[in-house]
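Read the structure below first, then the notes.
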Amino acid sequence: MELIKTTNFNFMGKRKFFYFFSLLIIIFGIPFMIIRGEKNFGVDFVGGDLINIEFNQKIDVANLRKTIAQENIGSFTVQELGTEGKNYIIRLPQKTSDLVLERLKNNFGENFIIKGKSIISPSMSISLRKKAIKAFLIGLIGILIYLTIRFEFKFAVGAVVALFHDILVVLSILVMTGKQIDGMVIAALLTIIGYSVNDTVVVFDRIRENARKTRTTDYIALFNKSINETLSRTILTGLTTIFVVLCLFFFGGESLHTFSFCLLLGIVFGTYSSIFIASAIVVDWLKRSSVRLKI
Amino acid sequence: MKTQFYIKFGIIIAVIGICFYLFYPPEKKLKKGLDLQGGIHVVLEIEKEKIEEKSISDLTERALEIIRNRVDALGVTEPVIQKEGTNRIIIDLPGVKNPEKAIDIIGKTALLEFKLVIDDENLYKQALEGNVPEGYELLYLKEKDERGIYRETQPLLLKSQPELTGKYIVDAYVGYDRTGFPDVNLVLDKEGAKIFEEVTEKNIGKRLAIVLDGVIKSAPQIRERIPEGKAVITGKFTMDEARELAIVLRSGALPAKLNIIYQEVIGPSLGKESVQKGFKASLYGAIIVLIFMIFYYLYFGLLADFALTLNILILLGIVAGIKGVLTLPGIAGIALTCGMAVDANILIFERIREELKAGKSPKASVDAGFHRAWAAIIDSNITTLITGLVLFIFGEGVIKGFGLTLSIGIIANLFTAVFVTKVIVDWIIINRKIERLRI
């Protein structure tokens, strides 16, 4: 079977449009991030308590909220898991979970079990945040160095800008859809970086091969040819990975929900950015540069 | 030519065998992370204020001893207790029955007491039968046996009221007696020295038990009146034993607070649910990929499927072999490896198709396909490996598990997708003298 026959799309000709498109998503995301403030982040990164409880029968969410509110603990959120109305994740301010659980016991008796509980202090959340940022920076620097060695500095920069783009776009969409950024999201984002750079490198590799063969200075044509030649692989690998991620999303349970949602976005935008961000930036740079491409 | 193939096939079969041996049966050989089997994860921090940087590490050391002592008392099977940085202690207790109580016990302040041992035969017998007299208690002395494993040996009858507590201890350190054996020196503050002098004066010949959080650590005999608060505990200590006792003594004088800065309780039901769902989702994902590859590449798809299955086998084998921990994101990582592992094969197969279209012979196309795809495979896998390793090295808890499986998956992938498939394709083409290639 062959899904994608030989193609000849003018990808690079439309790059300005897609620069604009990506910018638009990010620009829309930023106000959301600012408005939501701390709520953007899971308890891992800002501290707080999180309890996961399951009732043995369906309960009224409004009633649950009212019960918790009686404790006067400040702002909290209740999120329903699944569709049966039994399982809830409650996010509470620092060190209030014991009070709330006590209150729930008084109100609902022994009709629920505590499936999970996390208490994260501010000092821990600060170090988790630092660790996450450190992981990103080291990962990106590692990629930058490796690609500079294997290709050229321009390509490395193109790839890393594309990675920043992927992270920003995925974060923007997460925030707009009301999801929280927690440790699992960070793991997903780093995986996306891995996937996206993988995809970008395959395109770059073909550009390198064709550049060596033809020695052309018509970069637009060179890039278009290379992207078209690798298009069928790009789509196939994207598809197989998306199959898996969709399975994780639909069958993997609550714990993997946001994680797989993130990955889904990441694969789509990671593939997109290899062409319209990474390659496009390198093309624009090469066109403005007086130095010929040498790889 | 033939022997070369035999060697290559031999390598492949050996790898399959070793990996299978390493992880089978998976229930036993694959260690499940906390998120999958339920349990508690606690991070303690030593409060830093007013403590000099230099002494923090030592403080953490002492706190570790206290925590170990408490966790031992909980009877958890595979606890992980480790120091992180200079002032943090990470504790993982899988499968704890009563998490709330466990956390209470871990988080409370250390209690070091000196209690008199009662030698009265009658009272002791009575106590052993279960009638501990009022004002006394029966505690166990924990001793290391020859193999270095702690065992509860004989119980001792103690006076409940402690003679002295850890708050009077200024320092405890290891020294040497005249015969060159290690001993433990104890220094008490002024007030403690006065109490200690009285106690020792009145109880010469008796034993004074050193009790940490309700467990007797040592019960030396009082030989003489000890003035000035400088005591020496002798015994046939090994260096390690002496050092340990000194840490126990110092732990009682821990001039810092242990704060729980992170605690996570995962109920057993949540863990079970995660395993089932995570496993099911991964299995479905893998099956779809397997079917898709056959559908799309026919026989070559079958080959890619073989490589993929082998990839997962190697991945599980290595994880089990290096005693890595399988977490829920780790399972997701394996699933993701399935999706991404076929990438190398897709790269090769697409390249073979291109070469065929360009009019090359099957053999030449296959060779060119593998050869030309190689650079792309190496570069793309190494960049992914960089992020996988970063997750493994800098990640916390469950994310570490994810980075681990992702990294191993990529390494296994290089072996299976490139080496294994190439050997098989070459073998088929040479032996069957294939004229037309359907891919």
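The values are calculated or read from the model by the stated rules, or taken from the named source; none is laboratory data. Computed from a predicted model, the values in this text were never measured in an experiment. All Cβ positions, glycine included, derive from the backbone under ideal geometry; neighbour counts span all protein chains shown.
General observations
- The single condition among (1) within 30 Å of A:I53 (Cβ to Cβ); (2) within 19 Å of the chain's Cα centre (by Cα); (3) within 9 Å of another protein chain (Cβ to nearest Cβ) that A:L264 does not satisfy is (3).
- Residue in the stretch B:279-291 that is in the same structural domain as B:D343 (by TED's automatic domain parsing) and touching an Asp or Glu at 6+ places or on another chain (Cβ under 7 Å) present: yes
- Counting residues in the stretch A:253-261 that are crowded, with 19+ Cβ neighbours inside 10 Å, touching an Asp or Glu at 6+ places or on another chain (Cβ under 7 Å) and not in a helix (DSSP H, G or I) gives one or more.
- Of all the criteria given as (1) under 30 Å from A:I26 (Cα atoms); (2) of a type in the set (V, I, T); (3) surrounded by fewer than 16 Cβ atoms within 10 Å (Cβ to Cβ), the one not satisfied by A:I89 is (3).
- Restricted to the stretch A:157-181, and to residues there that are under 10 Å from the mean Cα position of the chain (by Cα) and aliphatic (A, V, I, L, M), the residue that is nearest to the other protein chains (Cβ to nearest Cβ) is A:I167.
- Segments classed as helices (runs of 4 or more DSSP H), wholly inside the stretch B:234-351, with at least 3 members that are within 27 Å of B:Q37 (Cβ to Cβ), facing chain A (nearest Cβ under 9 Å) and not polar (S, T, N, Q): B:268-297
- Residue list for the stretch A:62-86, restricted to those being over 18 Å from B:E264 (Cβ atoms) and either touching an Asp or Glu at 6+ places or on another chain (Cβ under 6 Å) or part of a helix (DSSP H, G or I) (or both): A:A62, A:N63, A:L64, A:R65, A:K66, A:T67, A:I68, A:A69, A:K86
- Of all residues in the stretch A:198-251, those that are of a type in the set (D, E), surrounded by fewer than 24 Cβ atoms within 10 Å (Cβ to Cβ) and within 11 Å of chain B (Cβ to nearest Cβ) total 2.
- If the condition is being acidic (D, E) and within 18 Å of A:T241 (Cα to Cα), then the stretch A:191-220 contributes only A:D199.
- Which numbered condition A:L144 misses (of (1) free of Cβ contacts under 8 Å to residues at least 60 places away in the same chain; (2) in contact with a Gly (Cβ under 6 Å, 6 or more places away or on another chain)): (2)
- 3 or more residues within 14 Å of chain A (Cβ to nearest Cβ), more than 30 Å from B:I424 (Cα to Cα) and over 15 Å from the mean Cα position of the chain (by Cα): qualifying strands (runs of 3 or more DSSP E) within the stretch B:1-100: B:39-46
- The sole residue among A:K115, A:K130 that is within 14 Å of another protein chain (Cβ to nearest Cβ), under 30 Å from the mean Cα position of the chain (by Cα) and either of a type outside the set (D, E, K, R) or surrounded by fewer than 16 Cβ atoms within 10 Å (Cβ to Cβ) (or both) is A:K130.
To keep it simple, each residue is scored yes or no on (1) modelled with pLDDT of 95 or more; (2) hydrophobic (A, V, I, L, M, F, W, C); (3) in contact with a Lys or Arg (Cβ under 9 Å, 6 or more places away or on another chain).
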{"position": "A:N228", "(1), (2), (3)": "yes, no, no"}
{"position": "A:R233", "(1), (2), (3)": "no, no, yes"}
{"position": "A:G252", "(1), (2), (3)": "no, no, yes"}
{"position": "A:L256", "(1), (2), (3)": "no, yes, yes"}
{"position": "A:L264", "(1), (2), (3)": "yes, yes, no"}
{"position": "A:Y272", "(1), (2), (3)": "yes, no, no"}
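- Failed criterion for A:M184 (all others in (1) surrounded by fewer than 24 Cβ atoms within 10 Å (Cβ to Cβ); (2) within 9 Å of another protein chain (Cβ to nearest Cβ); (3) aliphatic (A, V, I, L, M) hold): (1)
Okay, residues lined up against (1) within 29 Å of A:L140 (Cβ to Cβ); (2) within 14 Å of chain A (Cβ to nearest Cβ); (3) among the basic types (K, R):
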site	(1), (2), (3)
B:K357	no, yes, yes
B:G369	no, yes, no
B:T405	yes, yes, no
B:A412	yes, no, no
B:L437	no, yes, no
